[in-house]
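Q: The structure's right below; bear with me while I get my questions together.
The values are calculated or read from the model by the stated rules, or taken from the named source; none is laboratory data. Small disclaimer: the values here were computed from a predicted structure and weren't measured. FYI the Cβ positions are ideal-geometry reconstructions off the backbone, even for glycines, and counts take in every protein chain you see. Heads up: the accessible areas ignore ligands, DNA and RNA and are worked out on the full protein's heavy atoms, side chains in. Shrake-Rupley method; radii C 1.70, N 1.55, O 1.52, S 1.80 Å.
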Amino acid sequence: PTLSPGALTLLHLEQRFAADVAAVGGKAVAAWFAPNAVSLANGRPPLLGHDAIAASANWDPRAYQLTWTPTAAQMGPSNDMGFTWGTYEGHSRDAHGQLITVSGRYITVWKKLADGTWKVALDASAQSPPSAGDCCALPKP
């Protein structure tokens, strides 16, 4: 189906956000969040406000790579708020150098601020459940 101009705007914002984080790592995250934003992640307490989100996003892209791909977007009727959703992957290594990959789904709620810029108002993610064979796997040496 043909996407609305609003949905295209949100998808473009999400792609720019993802590219910025892929290039710079956690330090890029803070620039995309509104002052009163909320971040919700599996098994972690909510992060409330830009400063708390910025303080938690301190990873180096050489040690941890976070990538995500938007699947769809919807703009609200007033064209000043909408959301994107899709899938993400995080890649890092454990203390033994073994690759660790986490994946899941996310939703990003975007809002247009009074100055005309778009910022993330809410970012939420949920990890995919482990594969059936992963429930009993022994840790690698």
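Q: Among residues belonging to the range 91-125 that are free of Cβ contacts under 8 Å to residues at least 24 places away in the same chain and of a type in the set (A, V, I, L, M), point out the one that is nearest to A52 (Cα to Cα).
A: Ranking the qualifying residues of the range 91-125, first place goes to A114.
Q: Follow-up question, since we're still on this one. Any idea which of W59, W68, W32 is touching a residue at least 40 places away in the same chain (Cβ under 8 Å), at negative phi and touching a Gly at 6+ places or on another chain (Cβ under 9 Å)?
A: Selected residue: W68, the only one of W59, W68, W32 that is touching a residue at least 40 places away in the same chain (Cβ under 8 Å), at negative phi and touching a Gly at 6+ places or on another chain (Cβ under 9 Å).
Q: Among residues belonging to the range 105-122 that are of a type in the set (A, V, I, L, M) and part of a strand (DSSP E or B), point out the one that is surrounded by the most Cβ atoms within 10 Å (Cβ to Cβ).
A: Here the answer is V120.
Q: Looking at the structure I just gave you, is A52 in contact with a helix residue (DSSP H, G or I) (Cβ under 8 Å, 6 or more places away or on another chain), open to solvent by less than 80 Å² (accessible area, probe 1.4 Å), without any contact (Cβ under 8 Å) to a residue 40 or more places away in the chain and not hydroxyl-bearing (S, T, Y)?
A: no
Q: Can you work out which of the residues in the range 29-72 that are in contact with a Phe, Trp or Tyr (Cβ under 8 Å, 6 or more places away or on another chain) and among the aliphatic types (A, V, I, L, M) is nearest to D94 (Cα to Cα)?
A: L66
Q: Scan the range 35-47 residue by residue and report those that are among the hydrophobic types (A, V, I, L, M, F, W, C) and in contact (Cβ under 8 Å) with a residue 12 or more places away in the chain.
A: Those that are among the hydrophobic types (A, V, I, L, M, F, W, C) and in contact (Cβ under 8 Å) with a residue 12 or more places away in the chain: A37, V38, L40, A41.
Q: State which residue is farthest from L113 (Cα to Cα) when the search covers only the range 65-102 and only residues that are among the charged types (D, E, K, R) and surrounded by 12 or more Cβ atoms within 10 Å (Cβ to Cβ).
A: Restricting to residues being among the charged types (D, E, K, R) and surrounded by 12 or more Cβ atoms within 10 Å (Cβ to Cβ), the top hit is E89.
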